[in-house]
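The values are calculated or read from the model by the stated rules, or taken from the named source; none is laboratory data. The structure displayed is predicted, hence computed values, not measured ones. Using ideal geometry, Cβ is built from the backbone for each residue, glycine included, and neighbour counts are taken over all protein chains shown. The accessibility values were calculated without ligands, DNA or RNA, using every heavy atom of the protein model including side chains. Shrake-Rupley method; radii C 1.70, N 1.55, O 1.52, S 1.80 Å.
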Amino acid sequence: MSTPEASRLEALRAEVERRNPAQPEFHQAVREVLESLAPVFAARPEYAEPGLLERIVEPERQILFRVPWQDDRGRVHVNRGFRVEFNSALGPYKGGLRFHPSVNIGVVKFLGFEQIFKNALTGLGIGGGKGGSDFDPHGRSDNEIMRFCQSFMTELSRHIGEHTDVPAGDIGVGGREIGYLFGQYRRITNRWEAGVLTGKGIGWGGSAIRPEATGYGSVLFAAEMLARRGTTLEGLTAVVSGSGNVALHTIEKLQQLGANPLTASDSSGYVVDTKGIDLELLRQVKEVERARISEYAVRRGPSASFVADGRVWDVAGDVAFPSATQNELHEQDAVTLVRNGVKAVSEGANMPSTPEAVRVFQEAGVAFGPGKAANAGGVAVSALEMSQNAARVAWSAERVESELAAIMKRIHDDTYETAARYGTPGDYVTGANITGFERVADAVLAQGLI
Ligand code: GLU
């Protein structure tokens, strides 16, 4: 790291950390991208233009607002709402909303920063943004969720629009929340503007396969990485973390492709099922009853056990799918997975592996698909939902799924080829960061100093 390019990137990293104190997740996401860029700066001198990188690490706009709401007992709560509109060089800001007590401005900025490059990788003309709230939906009634969503949208509605900024779901925001948010937007604006949110219900502007897309896409990305190594998912055991939308559809696609997912988890611990996960039961427990995951093991019988507060990565499997949240897979977990013979890791969540864990996988020669490539299927189908909304049509599930498969293959091939071009074959982290960066940087440069 002693070339002039590397020193300039190091100075920028230090400046980002100084100007954005107490935002460790944002620092981590920026550092990871900057670390990949030195060879691009050496090869493409136009990127050395003063101010280019400085603009890319600075959001175009950051919106913070108060979200007051009343619970079922009439008590008033005051949460904080966020929307970071990070970069619109390639299209309207696009990215999900996360409702979780851990949400703060640094978390939203890390997610928004990742989203810029992920969205560029889809090739579908979408900029990057992210938002959410520190609201905790856990244990709240439908009515409380509705009142919270209505209050949140009352402010957010001033800032979004189908040509401006298009939110969707993330952790804590699924079809139910998107419904309440869309209803309130429609009421305030008196417009049927289907393209203002994605992840809507089928029948009122939603796309087939949108709920499935992130999990399916992450498995398809793993299948592409394995195909490049001359093998398939068939007959392999899989370790999956999480039990939300991404994890459930990861398990579903793995089973369709003949693999055997053995685990699922939530914040209370994990379940391991030696017969393979019973998806119907897991859905009943997590989606219908919104209960703790231990309930799965209670009802499943002797093949399943619940491990409270354990590390799901202690379970041996051929492939791993971190599909819960950021920094859920540490260096020691990666060492354990490698020791147990893991062949591929595909990130369904955003930044689930720590930088130290990524290094362990790469040094061991494990095929590692970083989130911004491997989980781009969700936002890609969101872009397809926007296309359908603009044309006032609804495509069949078969059509959307085959488009998703083609997009995931293209993302895989583009990131693979970029990594090879820059002399690091098989390094999808470098490939994804450089491919995404080149697309965004070219558009930023072409559009002048704004
Ligand atoms: N929250 C998802 C992501 O991390 C999807 C965003 C969207 O569909 O806009 O990419």
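Things worth noting here:
- Rough spin-label spacing in nm, given labels placed 7 Å along Cα→Cβ, for residue 268 and residue 442: 5.0
- Segment residue 44-residue 143, length gained on full extension (0.36 nm per residue, minus Cα span): 30.2 nm
- Farthest positive-ward along the chain dipole, Cα basis, beta-carbon charges - from 120, 68, 261: 68
- Note on the chain: antiparallel DSSP beta bridges, both residues inside, total approximately 60 percent of the bridges counted.
- Its alpha carbons considered, the range 201-295 gives a radius of gyration followed by a Dmax of 14.1, 43 Å.
- Sparse packing (at most 15 other Cβ atoms within 10 Å of the Cβ) combined with a DSSP loop state is found for the following trypsin sites (Lys or Arg not before Pro) in the range 146-220: 158, 191.
- Cut-off 15 Å, label 7 Å out along Cα→Cβ of residue 8, residues of the range 80-109 by amide N: none
- Sorting the Cα pairs of the chain by distance into bins of 10 Å, from 0 upward, gives 4, 22, 32, 27, 12, 2, 0 percent per bin.
- Helix-only arithmetic for the chain: the sum of -39500 (n - 2.57) across DSSP H runs with n ≥ 4, divided by the residue total, places the mean residue ellipticity at 222 nm at -15000 deg cm²/dmol.
- Overall form of the range 1-72 per C-alpha gyration tensor (a/c, 1.5; a/b vs b/c): prolate
- Highest mean packing comes first when the peptides 23-35, 368-380, 54-66 are listed by Cβ atoms within 10 Å, giving 368-380, 23-35, 54-66.
- Extended-chain gain in nm, criterion 0.36 nm per residue less alpha-carbon gap, residue 255 and residue 308: 16.5 nm
- Excluding ligands, DNA and RNA, the accessible surface per residue across the chain is 39 Å² with a 1.4 Å probe.
- Projecting the Cα atoms of 408, 152, 131 onto the charge dipole of the chain (Cβ charges, centred on the Cα centre) puts 152 farthest toward the positive pole.
- Here the chain is treated with +1 on each Lys and Arg Cβ and -1 on each Asp and Glu Cβ, and its dipole about the Cα centre works out to around 920 debye.
- Neighbour net charge for residue 240 - beta-carbon separation under 13 angstrom, K R +1, D E -1: -4
- Choice from 231, 435, 263 with maximal GNM fluctuation in the chain (Cα, 10 Å cutoff): 231
- For the range 159-216, the equivalent ellipsoid built from the Cα gyration tensor has semi-axes of 19, 11, 11 Å, listed from largest to smallest.
- The chain: DSSP helices with Cα axial extent of at least 15 Å and average Kyte-Doolittle hydropathy no lower than 1.6: none
- Extended-chain gain in nm, criterion 0.36 nm per residue less alpha-carbon gap, residue 387 and residue 229: 53.4 nm
- Among 196, 76, 67, residue whose mean-square fluctuation peaks in a GNM of the chain (springs only between Cα atoms under 10 Å): 76
- Among the listed pairs 200/253; 118/409; 253/409; 130/372; 94/200, a Cα-Cα separation exceeding 18 Å is found for 200/253.
- Three-way shape label, the range 38-112, alpha-carbon gyration tensor, a/c 1.5: prolate
- Shape summary: the range 225-369 maps onto an equivalent ellipsoid whose semi-axes, from the alpha-carbon gyration tensor, are 24, 17, 13 Å in decreasing order.
- Distance histogram for the range 318-450 (every C-alpha pair counted, 10 angstrom bins, percent rounded to whole numbers): 12, 34, 32, 17, 5, 0
- Cβ-defined net charge surrounding residue 208, 14 Å radius [Lys, Arg +1; Asp, Glu -1]: -2
- Qualifying GluC sites (Glu not before Pro) in the range 237-313, DSSP loop, other Cβ atoms within 10 Å at most 14: 289
- About the Cα centre, charge dipole magnitude for the range 326-450 (Lys/Arg +1, Asp/Glu -1 at Cβ), debye: 180
- Charge tally in the Cβ shell below 15 Å around residue 275, where Lys, Arg are +1 and Asp, Glu are -1, residue 275 excluded: -1
- Charge dipole of the range 159-255 (Cα centre as origin; +1 on each Lys and Arg Cβ, -1 on each Asp and Glu Cβ, all else neutral): 140 debye, rounded to the nearest 20.
- Springs join every pair of Cα atoms under 10 Å in this Gaussian network model of the chain, and among 341, 301, 172 the largest mean-square fluctuation is at 301.
- Simple label model, 7 Å out from Cα along Cβ direction - residue 155 to residue 75, nm: 2.1
- For the pair residue 164 and residue 281, a Förster radius of 35 Å applied to the C-beta separation gives a FRET efficiency near 0.25, rounded to the nearest 0.05.
- Ranking 241, 206, 231 by how far each Cα lies toward the positive end of the dipole of the range 205-254 (charges on Cβ) leaves 231 at the top.
- Using C-alpha pairs below 8 Å separated by at least 6 residues, the relative contact order for the chain is 15 percent.
- Given in Å, the Rg to one decimal and the Dmax to the nearest whole number for the Cα atoms of the range 380-441 are 14.8, 45.
- Of the residues 146, 386, ranked by 1.4 Å probe accessible area with the largest first, the sequence reads 146, 386.
- Here the range 278-335 exposes an accessible surface that is 48 percent carbon and sulfur, computed with a 1.4 Å probe and the other protein chains kept in place.
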